[in-house]
Amino acid sequence: MAALVTFAGCGNDDAERPWQRYHAELERALGKGAITSSTPPNIGAYPERQARRFTIEETRGTLLGVYALRECQITSLVAARNNQLGRVAPPSQQWLYERELWLRLDVCQRSEVPTSLSEESQARLAELTHIKTEQLPYVGWNTLVDSSEWRSSFARASHAQPPDAFAEIEAPLAALDYLEQMLRRQFDPRWEQDSSTLEHHLQVLQRRPLTAEVLRTLLLAQQRLNEATTYLDANYDDNAACLPSWQTAWLDTLQADAERWLRAVEGALSASPVTPPAAMRDYQRRWLALDEEEAPWAQFLAARQQHEQARARFQPCDED
């Protein structure tokens, strides 16, 4: 019997255990020594702040100008935004402010209020509404990619997880769905924003670096599958030993859960109507995409298919 291979550590023994069992099974079946193993790479670094977000110019207006638009119900909102706490508010609160300001301006612009304003104030209202309409999607993008809760999901100081570690992710998936709806419906006056709900969902995302864990688990799976395929290819001949059946339920679970999560992440990112900065487009394409050959998802699927093809060359063992 071949000795059980000792894997280079990925930081989580539980993540390695099913692969240790599977590799040991192949080693016993072929009796050709240990499978050569190495540590899978880490994921790429999340883009730096200036590379992932947009710079949004501050909209300056005189206090007199804002006061002239007091019937639009924006004076207290602007005052709260300009006080000390408002200036240091986290991205999520800044988005809530910007959307509420746009909503009040839009409602005001379509009401009878402009008819009671001077020409100068009418022009100011139209200009401010236009500016805030243009800015809101960029504020929404910044809120998503710049919040500490979202960034923590991509932490490189993470580890691969056991294949069943993503079964209980309904709350994080609900959080991503809320963020997606927040961006898709930001110009829908029927969608009611809620600060406590938004903060709750962001806190759920902050509890564990799920995106990084999913990606690192896929990288581990790809690595171990490729190693097993190399072993089978190197030890195949016409009189090759048989292989016991491959129980893949655990791998099916990983595949299904990883796809659900990556689709949800992509859904949140694609919900914004703005074109992401180049660094974020590159990161999405390299690490998060489901249809890019070099991304972890496609690499995992390819490794699994290649391994299944390598196994198919061997006769199955007769099992009682």
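The values are calculated or read from the model by the stated rules, or taken from the named source; none is laboratory data. Being a predicted model, the structure only gives us computed values, none of them experimental. All Cβ positions, glycine included, derive from the backbone under ideal geometry; neighbour counts span all protein chains shown. To get the accessible areas, we keep the full protein, side chains included, count just its heavy atoms, and leave off ligands, DNA and RNA. Shrake-Rupley method; radii C 1.70, N 1.55, O 1.52, S 1.80 Å.
A compact table of results
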read-out: Candidates Pro162, Pro114, Pro91, ranked by Gaussian network fluctuation over the chain, Cα under 10 Å, top entry; value: Pro114
read-out: Full-extension gain in nm, Gln309 to Arg185, via 0.36 nm per residue minus C-alpha separation; value: 40.1 nm
read-out: Nearest-20 debye value, region 228-270 charge dipole, Cβ charges on Lys, Arg, Asp, Glu; value: 240 debye
read-out: Among Leu183, Leu26, Leu220: highest mean-square fluctuation, GNM of the chain, C-alpha pairs under 10 Å; value: Leu26
read-out: Matching label, P(r) over Cα pairs in 20 Å bins from 0, in percent computed from the structure shown, candidates (1) 28, 48, 20, 4, 0; (2) 28, 41, 21, 9, 1; (3) 30, 62, 8, 0; value: (2)
read-out: Nearest-0.05 FRET efficiency for Asp237 and Ser270, computed from C-beta distance (R0 41 Å); value: 0.25
read-out: Built amide H within the under 5 Å cut-off of Leu243, gap 5+; value: Gln315, Cys317
read-out: Within a Gaussian network of the chain (alpha carbon springs, distance under 10 Å), most fluctuating of Ala298, Ala258, Ala80; value: Ala80
read-out: Length released on extending from Ala80 to Thr55, taking residue separation times 0.36 nm less the Cα-Cα span; value: 6.9 nm
read-out: Cleavage-rule hits (GluC sites (Glu not before Pro)) in region 188-243: DSSP loop, at most 16 neighbouring Cβ within 10 angstrom; value: Glu192
read-out: Heavy-atom surface of region 234-320, accessible at 1.4 Å and reported per residue (Å²); value: 54 Å²
read-out: Computed label-point distance, nm, for sites Glu112 and Arg207 using a 7 Å Cα→Cβ extension; value: 5.1 nm
